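Accompanying notes for the structure given below.
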Amino acid sequence: MVNKEEELKKPVEGEQEEEKPVEDKPQPEESPKPAASPAATAAAEPKKGSNVGLIVAIVILLVAILGVGGYFGGKYLLKKYVNKVVPTVTSTVTAVSTSKAATKTATATSSANASTDYILPDTNARVISESELIGLTPWQLKVARNEIYARHGREFVHKDLQCYFAKKSWYGIDPLYSESALSTTENRNVAIILAYEEKTNSPLLQTDSGCDTNS
């Protein structure tokens, strides 16, 4: 006979043995990380305000340096430019002034020479009046009339005139001389002087006094 206890121990067909729950092995507990202090957190975070302030300070410093350097640099360049240009301008002004003074002197000298070389210097440019002839000697009247022709290179028959004009630097004989070279003004002045010579009965009107008689 089968023992009743053994029968009871045997599982009934169709029934499954109950699975024993697997016990979870205890995991080692991780030690909790210490919470960061507010001071450390603030130190770890980038200081945006400090960076902006630093950039602004650098910019201001650069501007100040450039400003001072630009001021002194510009002052130096300006001084160098002035020292270079002023002497040049001064020498140029001096040269121009000297040139003008020389021209003025030359003109005055030329005018003085013209006054001494001619009895009536501007008979080729303007019509003279009879009052300008008063006080002139017969010889001066003769020269004043013929110097109008002499300007154009006329060769004179009278020796007194030829010798006289030959001593003038401006006189020269022109082989192609023609009476047509005289202007209307010059022809009028010739007529005015000739009329005065006739009016005063000049003794040299038609007379050749020779080379040694008149200077």
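The values are calculated or read from the model by the stated rules, or taken from the named source; none is laboratory data. Everything quoted here is computed from the prediction, not taken from an experiment. Cβ sites come from the backbone with ideal geometry, for glycine too, and all protein chains shown count toward neighbours.
Here are the numbers for this structure:
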quantity	calculated
Checklist (1) of a type in the set (S, T, N, Q); (2) farther than 15 Å from residue 119 by Cα; (3) at pLDDT 95 or above applied to residue 209, failing item	(3)
Output for the range 160-181, where each listed residue is under 50 Å from the mean Cα position of the chain (by Cα), touching a residue at least 12 places away in the same chain (Cβ under 8 Å) and either on the phi > 0 side of the Ramachandran plot or outside any helix (DSSP H, G or I) (or both)	168, 169, 170, 171, 172, 173, 174
Failed item in (1) in a helix (DSSP H, G or I); (2) at pLDDT 95 or above, with residue 107 passing the rest	(2)
Scan of the range 134-159 for residues that are of a type outside the set (Asp, Glu) and within 54 Å of the chain's Cα centre (by Cα), ordered by number	143, 144, 145, 146, 148, 149, 150, 151, 152, 153, 154
Meets criteria (under 48 Å from the mean Cα position of the chain (by Cα) and part of a helix (DSSP H, G or I)) for residue 123	no
